[in-house]
Amino acid sequence: MADLVWPPSLPASPLFRVTREQLGEQTLRTSMSAGPDKVRAVQSEGVDTFPLAFVVTPEQAATLRDFFRSTTGGGSLPFQATHPHTGNPVDFRFVTPPIITPLAPRTSNAPRYRAE
């Protein structure tokens, strides 16, 4: 398991309507000049991907920025978090930098951001 842990001040559960799981590739497929493709297993486990999104406060957005930039070294280090479908602890790694989008004006009484 990874040494780093998803910050407890950030939401533990993503927005479910945008959470999907893409199972990682485990085979190598080679096109043949005639007949069906040749397919062979190349690894016992693929790397699954999860495009996740959260609604966060300005303080949580700052925590996410710091977690990505400093704690995980710009996304290079894995961290432990809860699997969004099973609830089990698993290792994650950022595939792309988070995108943080305002959902309400900065001057509103309850500014919120979408972090994905």
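Here Val56 meets each of (1) open to solvent by less than 80 Å² (accessible area, probe 1.4 Å); (2) under 17 Å from the mean Cα position of the chain (by Cα); (3) free of Cβ contacts under 8 Å to residues at least 40 places away in the same chain; (4) closer than 14 Å to Ala115 by Cβ with one exception, condition (3).
The set of residues in the range 86-115 that are in contact with a Leu (Cβ under 6 Å, 6 or more places away or on another chain) and open to solvent by 80 Å² or more (accessible area, probe 1.4 Å) contains only Arg112.
Please determine, by comparing only the residues of the range 1-53 that are polar (S, T, N, Q) and assigned to a loop (DSSP other than H, G, I, E, B), which one is least open to solvent (accessible area, probe 1.4 Å). Here the residue is Thr19.
Among the residues making up the range 59-85, a single one is of a type in the set (S, T, N, Q), open to solvent by 30 Å² or more (accessible area, probe 1.4 Å) and in a loop (DSSP other than H, G, I, E, B): Ser76. Selection of the range 86-105 for residues being under 22 Å from Glu59 (Cβ atoms), without any contact (Cβ under 8 Å) to a residue 40 or more places away in the chain and either polar (S, T, N, Q) or not in a strand (DSSP E or B) (or both) yields Phe94, Pro97, Pro98, Ile99, Thr101, Ala104, Pro105.
The values are calculated or read from the model by the stated rules, or taken from the named source; none is laboratory data. Just so it is clear, the model here is predicted, and its values are computed rather than measured. All Cβ positions, even for glycine, are placed from backbone atoms using ideal geometry, and neighbour counts span all protein chains on display. Each accessible area value is taken on the protein alone, full model and side chains, heavy atoms only, with ligands, DNA and RNA left out. Shrake-Rupley method; radii C 1.70, N 1.55, O 1.52, S 1.80 Å.
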